[in-house]
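Working notes for the structure below.
The values are calculated or read from the model by the stated rules, or taken from the named source; none is laboratory data. Just so we're clear, the structure is a prediction, and the values are computed from it rather than from any experiment. Ideal geometry is used to build each Cβ from the backbone, glycine not excepted, and the neighbour counts take in all protein chains shown. The area values use the complete protein model at the heavy-atom level, side chains included, leaving out ligands, DNA and RNA. Shrake-Rupley method; radii C 1.70, N 1.55, O 1.52, S 1.80 Å.
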Amino acid sequence: MNVFRLLGDLSHLLAIIVLLLKIWKTRSCAGISGKSQILFAIVYITRYLDLITTYISAYNMFMKIIFIATSIAIVYLMYVKFKATYDHNHDTFRIEFLLLPTLVLALLINHEFTIVEILWTFSIYLESVAILPQLFLVSKTGEAESITSHYLFALGSYRGLYLLNWIYRYYGENYYDLIVIVAGIVQTVLYCDFFYLYITKVLKGKKLQLPA
């Protein structure tokens with residue numbers, strides 16, 4: 001554990017809290033991509049299969065349970081409790097185009113050809129592109145509410161902080177994982193355009209608009 005990883009985890013947790021509060025308080029899923037939330041749920045479930053077999057620390061176990069539970073809760077809120085407010089017409093990204101390639105890539109490039117390891121690798125690859133349906137939705141509708149923008153910014157910050165965590169671990173612990181680093185870079189790059197618009201517009205009180 002180091003300060004970058006801790007801040008990354010807190011930023012990630014903040015993003016989830018912001019999203020849950022947005023849905024619960026407004027009683028609406030407007031502007032949120034259910035496709036992205038399904039992908040994130042798949043990411044956490046496949047990544048944390050070791051929850052029942054490996055104990056690292058109380059903090060590690062707590063965060064894993066939180067991410068799995070909240071991702072499932074968000075999917076439930078969107079597709080069951082507040083289903084009537086979910087924008088099916090605009091959330092049309094074909095997630096099979098993300099699921100199948102990342103699964104094939106995990107089968108081809110992994111650290112060890114075992115079920116748990118392949119699923120873990122699959123979750124890393126999938127997380128790097130899981131936000132695409134959300135960005136596609138924002139681009140298609142032409143704008144995003146401030147609360148949705150804050151969620152995306154916190155989520156993107158989590159990945160950026162984790163990049164700093166990997167740099168720190170490389171120089172401080174002589175440890176690196178190319179699969180994780182490359183996937184993290186890809187994911188961070190996807191947020192770059194959003195980061196620029198967030199800083200130049202949302203923080204100045206303007207509504208965020210992405211080019212279609």
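Using the heavy atoms of the protein chains alone and a 1.4 angstrom probe, what is the accessible area of the chain per residue in square angstrom?
Numbers: 10970 Å² over 212 residues.
For the chain, the per-residue accessible area is 52 Å².
Label point 7 Å out from residue 25 along Cα-to-Cβ: which residues of region 72-86 have amide N under 15 Å? Under cut-off, by backbone N: nothing.
Residue separation of residue 167 and residue 55 scaled by 0.36 nm, minus their Cα-Cα distance, works out to 37.8 nm of gained length.
Helix 34-47 and the longest principal axis of the Cα set of the chain meet at an angle near 10°. For the chain, set up a Gaussian network in which alpha carbons nearer than 10 Å are linked by springs, and say which option among 186, 129, 138 fluctuates the most. Residue with maximal mean-square fluctuation among 186, 129, 138: 186. Put a dot 7 Å past the Cα of residue 181, heading toward its Cβ, do the same for residue 6, and the two dots end up 2.5 nm apart.
For the chain, with all protein chains in place and a probe radius of 1.4 Å, 70% of the accessible heavy-atom surface sits on carbon or sulfur. A simple rule links phi to the HN-Hα coupling: the Karplus curve 6.51 cos²θ - 1.76 cosθ + 1.60 with θ = phi - 60°, which for region 118-134 gives 5, 5, 4, 5, 4, 5, 5, 5, 5, 4, 5, 10, 5, 7, 4, x, 5 Hz, with x for Gly and Pro. In this simple spin-label approximation, residue 88 and residue 69 carry label points 7 Å from Cα along the Cα→Cβ vector, and these lie 3.1 nm apart. Selection among 105, 69, 192 by position relative to the dipole of region 57-195 gives 69 as farthest towards the positive end (Cβ unit charges, Cα centre). Short-range pairs are left out: with C-alpha atoms under 8 Å and at least six residues apart, the relative contact order of region 1-153 is 39 percent.
If you keep only loop residues by DSSP, which trypsin sites (Lys or Arg not before Pro) in region 1-84 have at most 12 other Cβ atoms within 10 Å of their Cβ? Walk me through the intermediate numbers first.
Numbers: sites: 5, 22, 25, 27, 35, 47, 64, 81, 83; in loops: 27.
Here the sparse-neighbourhood loop sites are 27.
Seen against the Cα atoms of the chain and their longest principal axis, helix 58-76 is set at about 40 degrees. Under the simplified labelling scheme, the residue 13-residue 79 pair shows an inter-label distance of 2.7 nm, with each label point 7 Å from Cα along Cα→Cβ. Highest mobility in the GNM of the chain, judged by mean-square fluctuation with C-alpha springs under 10 Å and restricted to 59, 86, 162, is found for 59.
Between 11, 149, 57, the GNM of the chain built on Cα springs shorter than 10 angstrom shows 57 fluctuating the most.
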